[in-house]
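The values are calculated or read from the model by the stated rules, or taken from the named source; none is laboratory data. Keep in mind that what you see is a predicted model, and the values were worked out from it rather than measured. Note: ideal-geometry Cβ built from the backbone for every residue, glycine included; neighbour counts use all protein chains shown. Surface areas here come from the heavy atoms of the whole protein model, side chains and all, with no ligands, DNA or RNA. Shrake-Rupley method; radii C 1.70, N 1.55, O 1.52, S 1.80 Å.
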Amino acid sequence: MSGLVLKGVSREFGAAKAVNDVDLVVPNGRFVCLLGPSGCGKTTLLRMIAGLDAPTAGTISIDGEDITRQPTHKRNLGMVFQSLALFPHLTVGGNIAYALRIRGLPKEDQAQRVEELLALVHLPGYADRPVAKLSGGQRQRVAIARALAVSPRLFLLDEPLSALDAKLREAMQVELRQLQQQLGITTVVVTHDQREAMTMADTVIVM
């Protein structure tokens, strides 16, 4: 079956069950939100999809390939964390090109890809700027561009807009949805905000 498929996925921490027997199918190209309050297991589920945490039981596959025990770096996924986790000592371009450099892409190709992504997230000409001098919304766009640099087969975001003010958050919801539609990339977003989920997602999964 194409897309992301979870079968009987559970995660236990001692006697506590953070995620219990989840079955989920996300077809290719869909935008899905995992919606629920703090502590319901939505971030744990996202971390298992990303390979940052291992399921206690069950399987995870993408396009028919079992990735349950596959290391994170081999899954070809893009992820934006709640904290954004940008490298403060690198420029905007350095942040976006980081994964490309690790993969040994020639510098000329790195520069071209950075410019393409900056145009995509509406930050053309920002490659040489320090990330410390960017606004919250600009840093958010850089984090998204960095996650998309390697053309991932799955795009994962954990509360990506929670640190933004209300007006900017609403604008970024629309931008993120438009970007996903433009790229056609399968996307899973964690949020506790019902309005945000309804604004962005094709499918909302309540946890």
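Return yes or no: is Met172 under 19 Å from Phe81 (Cβ atoms) and free of Cβ contacts under 8 Å to residues at least 40 places away in the same chain?
Yes, satisfied.
Pull up segment 68-94, narrow it to residues that are open to solvent by 50 Å² or more (accessible area, probe 1.4 Å) and charged (D, E, K, R), then point me to the one that is nearest to Gln138 (Cα to Cα).
Restricting to residues being open to solvent by 50 Å² or more (accessible area, probe 1.4 Å) and charged (D, E, K, R), the top hit is Lys74.
Checking the conditions here, which among Pro88, Pro106 is free of Cβ contacts under 8 Å to residues at least 12 places away in the same chain and not aromatic (Phe, Trp, Tyr)?
Going through Pro88, Pro106 in turn, the sole match is Pro106.
Can you tell me which residue is nearest to the chain's Cα centre (by Cα) among those in segment 9-19 that are in contact (Cβ under 8 Å) with a residue 40 or more places away in the chain and open to solvent by 20 Å² or more (accessible area, probe 1.4 Å)? Give the derivation first.
Of the residues in segment 9-19, the ones in contact (Cβ under 8 Å) with a residue 40 or more places away in the chain are 9-12.
Applying the additional criterion that residues be open to solvent by 20 Å² or more (accessible area, probe 1.4 Å) yields 11-12.
Numbers: Arg11: 20, Glu12: 24 Å.
That would be Arg11.
Can we say Thr68 is among the hydroxyl-bearing types (Ser, Thr, Tyr) and either closer than 21 Å to Ala197 by Cα or part of a loop (DSSP other than H, G, I, E, B) (or both)?
yes
I'd like to check something: does segment 197-204 contain any residue that is touching a residue at least 24 places away in the same chain (Cβ under 8 Å), β-branched (Val, Ile, Thr) and open to solvent by less than 40 Å² (accessible area, probe 1.4 Å)?
Within segment 197-204, the subset touching a residue at least 24 places away in the same chain (Cβ under 8 Å) is 197, 199-204.
Cutting the leftovers down to β-branched (Val, Ile, Thr) gives us 199, 203-204.
Narrowing the set further to residues that are open to solvent by less than 40 Å² (accessible area, probe 1.4 Å) leaves none.
No, that holds for no residue.
For segment 171-207, enumerate the residues that are more than 13 Å from Cys33 (Cα to Cα) and outside any helix (DSSP H, G or I).
Passing the criteria: Gly184, Ile185.
Per-residue answers, yes or no, for (1) out of contact with any His (no Cβ under 9 Å at 6 or more places or on another chain); (2) of a type outside the set (Asp, Glu); (3) part of a loop (DSSP other than H, G, I, E, B); (4) surrounded by 21 or more Cβ atoms within 10 Å (Cβ to Cβ):
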{"position": "Ile96", "(1), (2), (3), (4)": "yes, yes, no, yes"}
{"position": "Arg101", "(1), (2), (3), (4)": "yes, yes, no, no"}
{"position": "Ala111", "(1), (2), (3), (4)": "yes, yes, no, no"}
{"position": "Leu123", "(1), (2), (3), (4)": "yes, yes, yes, no"}
{"position": "Arg139", "(1), (2), (3), (4)": "yes, yes, no, no"}
{"position": "Ile144", "(1), (2), (3), (4)": "yes, yes, no, yes"}
{"position": "Ser151", "(1), (2), (3), (4)": "yes, yes, yes, no"}
{"position": "Leu161", "(1), (2), (3), (4)": "yes, yes, yes, yes"}
{"position": "Arg169", "(1), (2), (3), (4)": "yes, yes, no, no"}
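Does Ile49 meet the test of being free of Cβ contacts under 8 Å to residues at least 60 places away in the same chain, of a type outside the set (Lys, Arg) and within 23 Å of Val150 (Cβ to Cβ)?
no
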